[in-house]
Structures are given as C-alpha cells and as structure tokens.
1. For helix 242-253, what angle does its Cα long axis make with the longest principal axis of the chain, in degrees from 0 to 90 and rounded to 10?
2. Carbon and sulfur: what percent of region 241-311's accessible surface (1.4 Å probe)?
3. What residues of region 182-209 lie in the reach of a label at E288, counting those whose backbone N is under 16 Å from a point 7 Å from the Cα along Cα→Cβ?
4. Which of K268, K130, K149 moves the most in a Gaussian network model of the chain with Cα springs under 10 Å?
5. Taking a probe of 1.4 Å, how large is the accessible area per residue of the chain, in Å²?
6. Provide the net charge surrounding P155, with neighbours chosen by a C-beta distance below 9 Å and charges set as Lys +1, Arg +1, Asp -1, Glu -1.
7. What is the list of residues in region 192-217 whose amide nitrogen lies under 16 Å from a point 7 angstrom out from the Cα of E302, following Cα to Cβ?
8. What FRET efficiency do you get for E295 and R220 if R0 is 22 Å and r is their Cβ-Cβ distance, rounded to the nearest 0.05?
Amino acid sequence: MNPEKQLDFSDAILSGGTGRSGTTIVGKLLTRHSKICISRPTEIKVLTSGNGLLDLHLGRKVGKYKRLLVTDGLHLYRFRQRLYKEWWTRDIKISPNRPEQKPGTQVGLRQAMDLEELDELFRELKEEFKIDKTHATQSFLRGLINIHKERSEKPIWIDTTPINILRSREINSFLPGIRFIHMVRDGRDAISSVIREPWGPNNFDDGLKWWRGRMIKNLRGSLSVGEKMLTLALEDLAIHNRESSYTKLLNFAGISDEERIRDFFDEKVRPENVRQGRWEKEVDNPREFDTRYREIVAELKEIDPSVPLYL
C-alpha cells in the first residue's frame, strides 16, 4: 500500500481481555472524560468478529467458507450480510451479571449512526476494495470512528470488545497508531462470572480450559504490541493500587484528571463491585480448582513474567 495513503488511528483505543475481566468498566470510566467517547454499541463487532474488517483485510476464511475457494467478492458479500444484519441491529443478550439490561432492547451500529451513513461507508468500501483492500477496510473503520467523534464532539474513541487483545498482533499491523488496554482479572473470579453468561463455558472445568486458552493468546498478542499496550489488573484498579493504576490509565490515554471521571472512579470502580474471591463460595471443590488454577498461572508467567495475576 502507498505509505501516503496510510491512515492514522492514534485517536483510537481498544480495550479487551478474556471477557468479564473489566474491559467494559474501563471503557465506561474513560468515556466520562471530556475527550473520550465510547463506541456504540460498546462492542462494535465489525472489526474483530468473523468476516469483519480484519478478516476482510487479511482475506481470512472463517466459518462455513473455510473449505471453499473464497474470492474477494465472496468475502465482501459475507461482510455485507453481517454488517446489515446482526452488526447493524440485534436484540441485546441478557446477562445475569448486568441486571440493568432489559429484554427486547436493540443494540448495534444503529446506536451510533443513520442507515444512510452506513450505506455511504459501505459504498465507498466496495468501490475501493477492488483497488486497495487495506486502505478500503481502514477507511471504513476511520469513517465509523469519525461519526462517533463528531456526534460526541470528543477527539478520542474507545471500543471494549474483549477479543481486541486476542487479535492485537493483527490489529496492530492493520491500524497504524492504535493503542490497547489489556484488562486482566483473577481467572478464578472471571470464570465464576463468565459461566453465567449465555456465550461462554457453563461449568468451572470448561471455564479453566477457556480462560487458559484466552490468556495464552492474549499474552502473546500483548507482547507483540509492546509499549502501545497497557496491561492493567482489575484488582489493582479497584482494590490494591487504586491511585497509581488510575494515574497510569489517564497517562496512557493522554488525558488529565477531571471531576466527572474522578467521581465515576470513586463511586463505581470499587472493591465491592469486583467481588474478589467469589469463586470460593461457588466452585464445588475449591482446593482442587485452586491448585489447577495456580498451575495455569505458572504457565502464563513463563510467557510473560510481568502479567499482573493475583494468587
């Protein structure tokens, strides 16, 4: 691609983690600042989901198309199908971890833009895709981010899709200047929370396998990104090192402290909201579960000795 056409994404931050690790709360915290707007929906899907912009850019086969001889045209067709269906509008997935959610609520890109704006973004993508796939897919995301920024009148945009970190190596090459926040949480509590969700493992044994697999991929991605990645433990932000973690977060985002973000931090990012140690009351055999978890943490520490996991 022509370097002169390369777009800059230094005004964008991607928060992520394993899921139920603090990715959403850090997005909600930062968007209380006068300079940061959060994506609508808070997980846009369009970048990292199967057949999303990243796969479109890479020409990556996913789903039922894996065994087919896939052309650029078929990739673009599948992207359009998902874009105008579940990424544009979908029923909210009710989570027992979020009692404020109401059945029947519609979420999707419709929260951020008009259909005419989406049509224009796709039209431009389709026209340029034949000439320069990378620039075409970058431009689509650039346009989406700009719509968010213009409507909020804020200069920095953040998305909180958990898989952002798992795919951070690919994203970092795709989006020049992009920054990442990797939220890490005690895996025992993350598993205890995620097995209540409709999309994750449904028992603690499967939860350990799921968490291990996600963390290995996340750490490898994180190490490849280097200084453009801030790794932060949810327990540090909410319990152990509140002020230093808060300051670290502000500095990484390039913002100063303000009353509204400070109030949200003091009122919502609290020890009682993290529910540290909940797993001990919920798992059938805490000692055996803890032993297996500690073995996984030791394995993860071999990949990245600095990963902030509490035991």
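1. 10 degrees
2. Answer for region 241-311 is 44 percent, counting heavy atoms of protein chains only.
3. Correct set: 203-209.
4. Top of the fluctuation ranking is K130.
5. 48 Å²
6. Every neighbour counted, the sum reads +1.
7. Within reach of a label on E302, which here means backbone N under 16 Å from a point 7 Å along Cα→Cβ, region 192-217 contributes 212-213, 215-217.
8. It comes out at approximately 0.70.
The values are calculated or read from the model by the stated rules, or taken from the named source; none is laboratory data. Predicted, not measured: the structure shown is a model, and the values here were computed from it. Using ideal geometry, Cβ is built from the backbone for each residue, glycine included, and neighbour counts are taken over all protein chains shown. Note: areas computed on protein heavy atoms with side chains; ligands, DNA, RNA excluded. Shrake-Rupley method; radii C 1.70, N 1.55, O 1.52, S 1.80 Å.
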